[in-house]
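In what follows, a single structure is set out as structure tokens and then discussed.
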Amino acid sequence: MRTRTALTAAALAALLAVPLGGAAVAAPSPSPSSWPEPGTDGSGRRAGEGRPKTIAIPPPGTLQQNRKYYTPIEETTEKGRKSFTLQADVLFKTGSADLSAAAEKYLADVVAKLKEANVTGEVQVVGHTDDVGEPEDNLALSKRRAEAVVQAMQPQLANTGITLIPEGKGESEPREKGTSPQARQRNRRVSILYGKASGDPPPRPDPRYISVPVTETAPDPGLRPLPGEPAPLASTQRTINGTWTVRLDVVELRRQGPFLKVGYRTRLVAQRGTSGLNYPALFDGDTNGFDGYGYHATLIDKAHGEELSVVITGRGVPMRDWLGGNEKVGAVKYGWALFPQPSQKTDRLSFYIPAFGTIDDLPVG
């Protein structure tokens, strides 16, 4: 456990004075004040009793606010061929084959990836839908969507030797069975298949890692608030590597000065075996090699196609809480992180956490 120092009002004021544009400021970069923590501390005392919890103040330096295009592209295999798979929800409006304003960025990224891979010859662009509606209507919609993607991408592939072939599959080839919102979201997609088909199965993920694709929706098991805790904005629970069952509650998403602050709590619900789960690994994505500085959770503005990474100090330290050590079954840990505000005004964001997936439609307070 790292040593914590109290946060002064002057230090907090210095933090909140940092301009949104991310201009360099040669001043200390303190963390924000700690947010209310219901429940008990490590000594069994109610939060707020006895010595108050304090948080670390990062070393002096400038703040780095990272914004980038959100490109939810999975690199996977389909029918033995390599594939770039994009969620239909970010390319099209519901029931439409008209490309969204943000689709241009995503498809340009796929074009760059095809060029980097030195792909030539025929490349299939396959549209897929979920099972809502009539099968014949879904088949027609998937074909129109594939054709729209081809029309947008083919001019960018001039002189590459790549020919895009559109094809629609409707609801006939789901990649996840079931009628849950999560399954249907994964099944609505456009797959861009290239290279020769291989009979080899896709490589198994490295068991050290607990990351899930950014396009995977976090499970929504309909969890109730924990006893004595305020109701969260959203909750999710997942079993990781068949070893740890972990619950995550997002309890806060609000503007704080030039930043957005996300507050959350985690609880290790169950564990198989004796391997300890390091709390930061949930947000770093790697159960081995955690160095104390990784933080790969992001906020995503899907409406405007922008991804927001955690604010970094001039010394390379992410602006988030520091709670080290292993989780214990039943114990609740509280955390928060600071992100830059999105470039365009929005009242709904998604939160991607490597250990859980993406929680959509969180209200910004």
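The values are calculated or read from the model by the stated rules, or taken from the named source; none is laboratory data. Nothing here was measured: the structure is a model prediction, and the numbers come from that model. Here the Cβ positions follow ideal geometry from the backbone for every residue, glycine too, while neighbour counts run over all protein chains shown. Heads up: the accessible areas ignore ligands, DNA and RNA and are worked out on the full protein's heavy atoms, side chains in. Shrake-Rupley method; radii C 1.70, N 1.55, O 1.52, S 1.80 Å.
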Problem - Close pairs (6 angstrom Cβ cut-off, 6 or more residues apart or separate chains): more than 13 Å from Gly263 (Cα to Cα) in the range 347-365, at pLDDT below 90 and in a strand (DSSP E or B) anywhere - result: Ala355/Ile240; Gly357/Thr217; Thr358/Thr217
Handout entry: Segments classed as strands (runs of 3 or more DSSP E), wholly inside the range 44-131, with at least 2 members that are modelled with pLDDT of 85 or more and under 24 Å from Thr160 (Cβ atoms)
Key = 81-87, 121-128
Handout entry: the range 320-343: number of residues that are outside any strand (DSSP E or B), at pLDDT 80 or above and surrounded by 16 or more Cβ atoms within 10 Å (Cβ to Cβ)
Key = 3
Completion exercise
Per the filter on the range 72-107, residues among the aliphatic types (A, V, I, L, M) and open to solvent by 40 Å² or more (accessible area, probe 1.4 Å) are Leu99, Ala101
Completion exercise
Checked against (1) outside any helix (DSSP H, G or I); (2) modelled with pLDDT of 95 or more, Arg145 satisfies every condition except (1)
Handout entry: Residue count, the range 215-232 (criterion: open to solvent by 20 Å² or more (accessible area, probe 1.4 Å) and more than 17 Å from Val332 (Cα to Cα))
Key = 6
Exercise for the section: Scan the range 108-120 for residues that are open to solvent by 30 Å² or more (accessible area, probe 1.4 Å) and not acidic (Asp, Glu) and jot them down. Expected result: Ala108, Ala112, Lys113, Lys115, Ala117, Asn118, Thr120
Exercise for the section: Select from the range 234-265 the residues that are over 13 Å from Ala337 (Cβ atoms), within 18 Å of the chain's Cα centre (by Cα) and β-branched (Val, Ile, Thr) and write down the one among them that is modelled with the lowest pLDDT. Expected result: Ile240
Problem - Which numbered condition Val311 misses (of (1) modelled with pLDDT under 90; (2) closer than 30 Å to Ala103 by Cβ; (3) of a type outside the set (Lys, Arg)) - result: (1)
Practice task
Pull up the range 169-194, narrow it to residues that are outside any loop (DSSP other than H, G, I, E, B) and of a type in the set (D, E, K, R), then point me to the one that is most open to solvent (accessible area, probe 1.4 Å).
Solution key: Arg184
Fill in the blank from the handout: Filter the range 249-276 for residues that are hydrophobic (A, V, I, L, M, F, W, C) and more than 30 Å from Lys345 (Cα to Cα); the one that is most open to solvent (accessible area, probe 1.4 Å) is Val269
Fill in the blank from the handout: Of the residues in the range 148-168, those that are in a helix (DSSP H, G or I), open to solvent by 60 Å² or more (accessible area, probe 1.4 Å) and in contact (Cβ under 8 Å) with a residue 40 or more places away in the chain come to Gln156
